[in-house]
Amino acid sequence: MRRGNASAPPRVSGRQGQRDADAEAQLSRLGLVLAVLAVAANGCVQPDEWFQSVEIAARDVFGAKIWTPWEFGGSAALGDAVHEPCRSVSFPAVAAHAPLFLLRLCGGSIAWPRLIMMIPRLWALVISILVHDRLLGEVWRAA
């Protein structure tokens, strides 16, 4: 039977506490390295959805004159075959429209192509950190 405050956390020995602190520091360093790599990477293997999302968002947000992938209906202005789209714009809206719209609000332009490609990656990084930290962190703390 435990005496004292029942809701108090169990005591951790000095060695265990130090190991936990070391592991947390290593995870923080790993997270920093991953964030730097996500920003600095020239490219990556990515599905069409990611690449085409940036194209569609650049067209919609910045008014860029680009070829529109057939899945999104084509563009009559550039001579594409126009038809009903077979893909939803919901993924591009979350993945690329929102961050590029924020970039435009901050004064960004289509003249910065590298930044146009990096902003959705950073957006995805921030969202994944928030989801991991908030949702999964609560589950891990409860366990």
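Any residue that is more than 27 Å from residue 105 (Cβ to Cβ), modelled with pLDDT under 80 and in contact with a helix residue (DSSP H, G or I) (Cβ under 6 Å, 6 or more places away or on another chain) - is there at least one of those in segment 70-83? Looking for residues that are more than 27 Å from residue 105 (Cβ to Cβ), modelled with pLDDT under 80 and in contact with a helix residue (DSSP H, G or I) (Cβ under 6 Å, 6 or more places away or on another chain), one finds at least one in segment 70-83, hence yes. Can you tell me which residues in segment 96-110 are hydrophobic (A, V, I, L, M, F, W, C) and under 10 Å from residue 58 (Cβ atoms)? Matches in segment 96-110: 96, 100, 110.
If I filter segment 1-29 down to residues being assigned to a helix (DSSP H, G or I) and open to solvent by 90 Å² or more (accessible area, probe 1.4 Å), which single residue comes out as modelled with the lowest pLDDT? Per the criteria, the residue is 15.
Looking only at residues in segment 107-128 that are part of a helix (DSSP H, G or I) and touching a residue at least 40 places away in the same chain (Cβ under 8 Å), the one that is nearest to residue 94 (Cα to Cα) is 120. Taken over segment 116-143, the criterion of being among the hydrophobic types (A, V, I, L, M, F, W, C) and more than 16 Å from the chain's Cα centre (by Cα) is satisfied by 136, 139, 140, 142, 143.
The values are calculated or read from the model by the stated rules, or taken from the named source; none is laboratory data. Only a predicted model underlies this, so the values are computations on that prediction, with no experimental measurement involved. Every residue, glycine as well, gets a Cβ built from its backbone with ideal geometry; the counts of neighbours run over all protein chains shown. For accessibility, only protein heavy atoms count, side chains too; no ligands or nucleic acids. Shrake-Rupley method; radii C 1.70, N 1.55, O 1.52, S 1.80 Å.
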